[in-house]
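Notes to accompany the following structure.
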Amino acid sequence: LQNLDVFFAIDRAGLVGADGETHHGIYDISFMRVLPNIVIMTPSNEKEMLMMLNTGLNHRGPCAIRYPRGNTQVNNITMTDNELAIGKSQIMFKGQKIAVLVFGQLIRDVAEISKKLSMTLVDMRFVKPLDKDIIDELSTTHEHLITIEDNVITGGAGSSVNEYLVERGYEITITNFGIPDRIVSHGNQDELYAEIGLDKKSLEFKINEIYNRITKNKKVVD
C-alpha cells in the first residue's frame, strides 16, 4: 500500500530436491504477481542475476528476484555495476513459426533445441512488468508460443502471457510448460525435473512434438 522500497531476494526457486517437498520454491510467482506495483525478476544465469540485484537495489518500490539452489555454471563470475531496463526481455536468437519464452534458469535446457529447429528463443527476464512489446511482435510474426518456467503453471508467468493474449484478442496458440498442479515429492533435483517433464530431454521431446504438429499442419494447408 505504501509502495515502499522493499527488495525480496528469494533463493531456492524451482525444485530443491534434498530439502523436501515443503521447501520447493514453486508458488512464489503465482502469489506475488497479483500485487500492484511489484517488479518480479527471473535471472537465467549468474551474470544476469548480478545485474538484477543491482536493478532491484536501485528500484523505487517493491521488487523481487528469484533464483535457484545450486552451484554456478561457470568457474569465474565477473562482478558488474550494470543494471537492466525494467520489464525488457532479451531475444537470444530469432527464428520462425514458434517462439519459446523462458522465465529463468531452464533456458539453458532449451537453447540447443530452439536453435536446431530455428525457433525464436526469448529470455523474458521479468514476470512483472511483462514485456508486452515482444509479445505483440511475436504474436503477429509466429504461429505458436511456448512459455517455460519452474513455477506452478497455475497463476504463473505463462498464465500472465495467456491473460495478455486474451486481453489483446490475439488468436495465436500457446503452450505453457511448468510445475503441474500437484505436490512434488522429496528427491534429487534432476530426478524430480525428469519426473514432471521439465528436464532437458523431456522439454526437447515436447517441443519437437509441437514443432512437428505445426509444420505438418502447415504442409496440409499448403
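The values are calculated or read from the model by the stated rules, or taken from the named source; none is laboratory data. Bear in mind that the values here come from a model prediction, so they are computed numbers and not experimental data. Methodologically, a virtual Cβ is constructed for each residue, glycine included, from the backbone with ideal geometry; neighbour enumeration extends over all protein chains shown. These accessible areas exclude ligands, DNA and RNA; they are computed on the full protein's heavy atoms, side chains included. Shrake-Rupley method; radii C 1.70, N 1.55, O 1.52, S 1.80 Å.
Out of all DSSP beta bridges with both ends in the range 62-145, state the antiparallel percent to the nearest 5.
Numbers: 3 of 10 bridges.
About 30 percent, rounded to the nearest 5.
Among [x] 148; [y] 129; [z] 157, find the value of volume of the Cα convex hull per residue in Å³ that was calculated from the structure presented, and write down its label.
Working out volume of the Cα convex hull per residue in Å³ from the coordinates points to [y].
So if I place +1 on the C-beta of Lys and Arg and -1 on the C-beta of Asp and Glu, and nothing else carries charge, what would the dipole magnitude of the range 158-222 be about its Cα centre? I want it in debye, nearest 20. Walk me through the intermediate numbers first.
On the way: 9 positive and 11 negative charges, 72 e Å.
Dipole about the Cα centre, nearest 20: 340 debye.
Can you find, among T120, A9, M51, the residue farthest towards the positive end of the dipole of the range 1-120? Put +1 on the C-beta of Lys and Arg, -1 on that of Asp and Glu.
Among T120, A9, M51, the one farthest towards the positive end of the dipole of the range 1-120 is T120.
Cross-link partners among lysines for K88, C-alpha distance below 20 Å, same-chain residues fewer than 8 apart left out?
Straight-distance partners of K88: K47, K128, K132.
Would you work out the charge dipole size for the range 55-120 about its Cα centre, treating the Cβ of every Lys and Arg as +1 and the Cβ of every Asp and Glu as -1, and quote it to the nearest 20 debye?
On the way: 9 positive and 4 negative charges, 51 e Å.
In total the dipole reaches around 240 debye.
Summing -39500 (n - 2.57) over the DSSP H runs of n ≥ 4 in the chain and dividing by its residue number, what mean residue ellipticity at 222 nm do you reach, to the nearest 500 deg cm²/dmol? Write down the numbers at each step before the final one.
Working: 7 runs with 79 residues, N = 222.
Computed mean residue ellipticity for the chain: -11000 deg cm²/dmol.
What does the C-alpha gyration tensor say about the overall shape of the range 1-94? Classify as rounded when a/c is under 1.5, otherwise prolate if a/b is larger than b/c, or oblate. Write out the running numbers ahead of the final one.
Working: a/c = 1.67, a/b = 1.05, b/c = 1.59.
It comes out oblate by the Cα gyration axes.
Can you compute the label reach from E195? Point 7 Å from Cα along the Cβ direction, backbone N cut-off under 19 Å, restricted to the range 155-184.
Once the point is set 7 Å along Cα→Cβ of E195, 178-184 turn out to lie under 19 Å by backbone N, inside the range 155-184.
Run down the aspartates and glutamates and flag those whose C-alpha is under 19 Å from the C-alpha of K216, throwing out any fewer than 8 positions away in its chain.
Hits, sequence-local ones excluded: E143, E204.
As a test, work out the antiparallel percent of DSSP beta bridges whose residues both lie in the chain, rounded to the nearest 5. Provide the component values of the computation, followed by the final result.
Numbers: 6 of 31 bridges.
Bridges in the chain are about 20 percent antiparallel.
Which whole-number percent gives the relative contact order of the chain, counting Cα pairs below 8 Å spaced six or more residues apart?
Values: 416 pairs, mean separation 49.7, N = 222.
The normalised contact order for the chain reaches 22 percent.
Tell me, rounded to the nearest percent, the portion of alpha carbon pairs in the range 79-166 spaced more than 16 Å apart.
On the way: 1968 of 3828 pairs.
Roughly 51 percent, rounded to a whole number.
In debye, nearest 20, what is the charge dipole magnitude of the chain about its Cα centre with +1 on Lys and Arg Cβ and -1 on Asp and Glu Cβ, if you could check?
On the way: 24 positive and 30 negative charges, 104 e Å.
Magnitude of the dipole: close to 500 debye.
Please report the carbon-and-sulfur percent of the accessible area for the range 154-222; probe 1.4 Å, protein heavy atoms only, DNA, RNA and ligands left out.
Values: 2070 of 4200 Å².
The value for the range 154-222 is 49 percent carbon and sulfur by accessible area.
Can you give the net charge of the other residues whose Cβ lies under 13 Å from the Cβ of N54, counting K and R as +1 and D and E as -1? Kindly include the intermediate steps, with their values, before the conclusion.
On the way: positive: K47; negative: E48, D81, E83.
Net charge around N54: -2.
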